[in-house]
């Protein structure tokens, strides 16, 4: 953060025409101060970082009217003291808020806390660049690698990625990249099989990509082993860790180079806006001849590709998301425990064919997930005093019945919201085959393990007994039990009922 009095230790008369060197030295002092402040924050526990981020008391007192929370800077740009400062700023010789498409103070606070949370308690130094959505984060993370090598202008580029990914990611890879740009997506069907990963890598492969736990099928792979494989070929491993959040899993700690977050979800739990982020360690692996990109991927991304492409987040959404992040560890703990209770209930229900939740001991990936997914700092928590596994709030279950019967169960929910969202503080469910993963087609859903009788459920902060009661009532339709007439089509007024007339 560059809120610093640049006239410190200078001529009190502040003469004009100071020269760009004057501002460069001031910027260096500011960066040194903020680097030291961030290093002090790195020594704090996870919850302290989540609450305070990188916003300092000095900034609050000197520049923000003493505000104890990060202000929303709803401004497109900043002004400069003179042409020398403008020149130094626009040539990137000093940090600047030159234009909100590139940088903004509110967005800086948002990026700073995510970089610290994703690199928490490990030796790597990370940067972060904010995006307007999770899909913008995916695009931002992968596109810099998908460029033509001037030494091999006719080579067909490819990337290796699991097929168990969010439907929007599937569409971006299959249509935007593979179909439209002829960049081959080499799909990994069984992400546990390292031989399958390796068999798809060649001299034109640009990165390895995976999502874990995957949405909605709960796929998981061995991050350490896949990262080692990627680095064997000097390739980066990119991991979408949206479902886990840094409260339960931090892929950088296990060798991943880049993390994608759809912050919209669990981190931005209120549902007030859309947000995304790319978090990358410094000095990533890559076979592309671009030293600046490899040295500081997020810094490079922010100042060059994303400057030109413009997938920036709004300052308001950045601060709203930042405010929700402050309680992420406590929320993921409560929601994980509630989801475990719901999963056990469903696992024993006569109308449920199968439950996908990594926390269940009978899940084929439970043992592997248990090696990676822990509630951060639980060993320092008086409540636990040891490392405890937590598996998140996303699960899915398959109704023992037809697609029509699955929809009947889904339509009968009264407390669980029917929506394509996840990570909300309220419980939300969807049928992925007709919503989030509809566009990838029947064959795409088949290889990703998403049948038509699968309901995805994200358990919120309600008491789990009330969620179980709602599920019990909904599954009761398969026994011919009537549903309470409290759904929108029976409401007395409002826009929804007007549309139904």
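The numbers here are math on the coordinates, done by the rules we state, and not lab data. In this text, all values refer to a predicted model and were calculated from it rather than measured experimentally. Virtual Cβ from ideal backbone geometry, glycine too; neighbours counted across all protein chains shown.
Summary table below
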| read-out | value |
| --- | --- |
| Euclidean distance between Cα centres, the stretch 410-445 to the stretch 304-330, Å | 25 Å |
| Paramagnetic reach from residue 388 (point 7 Å along Cα→Cβ, amide N under 17 Å) across the stretch 32-51 | 46-47 |
| Once the Cα gyration tensor of the stretch 104-325 is diagonalised, semi-axes √(5λ) in Å | 26, 19, 17 |
| Rounded to 5, percent antiparallel among DSSP beta bridges of the stretch 104-325 | 40 percent |
| Rg/Rh ratio calculated on Cα atoms of the stretch 142-218 (Kirkwood radius) | 0.98 |
| More than 19 angstrom apart: percent of Cα pairs within the stretch 328-500 | 61 percent |
| Cα-projected label distance for residue 79 with residue 481, points at 7 Å along beta-carbon direction, nm | 6.7 nm |
| Computed [θ] at 222 nm, helices only, for the chain once each DSSP H run of length n ≥ 4 contributes -39500 (n - 2.57) | -10000 deg cm²/dmol |
| Relative contact order (percent, whole number), the chain, Cα cutoff 8 Å, 6+ residue spacing | 14 percent |
| Sequence ranges 460-467, 106-113, ranked by mean other-Cβ count within 10 angstrom, highest first | 106-113, 460-467 |
| For the chain, the spread of Cα positions along each principal axis, largest first, Å | 85, 56, 54 |
| Contour excess over end-to-end distance, with Cα ends at residue 323 and residue 463 and 0.36 nm allotted per residue | 48.1 nm |
| In degrees, nearest ten, helix 328-347 long axis to first principal axis of the chain (Cα) | 20 degrees |
| Förster radius 35 Å - calculated FRET efficiency between residue 308 and residue 272, Cβ distance, rounded to 0.05 | 0.75 |
| Acute angle (nearest 10 degrees) that the helix 20-42 long axis makes with the longest principal axis of the chain, alpha-carbon atoms | 40 degrees |
| Potential lengthening between residue 421 and residue 354 on full extension [0.36 nm per residue; Cα-Cα distance subtracted] | 21.9 nm |
| Mean projection area, nm², convex hull over Cα of the stretch 20-140 | 8.5 nm² |
| Relative contact order (percent, whole number), the stretch 104-325, Cα cutoff 8 Å, 6+ residue spacing | 28 percent |
| Centroid-to-centroid separation of the stretch 372-409 and the stretch 220-274 [C-alpha atoms, Å] | 18 Å |
| The stretch 328-500: relative contact order in percent, alpha carbon pairs under 8 Å with at least 6 residues between | 23 percent |
| Within the chain, percent of DSSP bridges classed antiparallel, to nearest 5 | 60 percent |
| FRET efficiency estimate (nearest 0.05) - Cβ-Cβ, residue 62 to residue 155, R0 45 angstrom | 0.25 |
| FRET efficiency, residue 125 to residue 402 (Cβ-Cβ, R0 51 Å, nearest 0.05) | 0.45 |
| Rg to Rh quotient for the stretch 342-392, alpha carbon positions, Kirkwood Rh | 1.09 |
| Label-to-label distance, nm, for residues given as residue 28 and residue 92 (7 Å Cα→Cβ offset) | 2.0 nm |
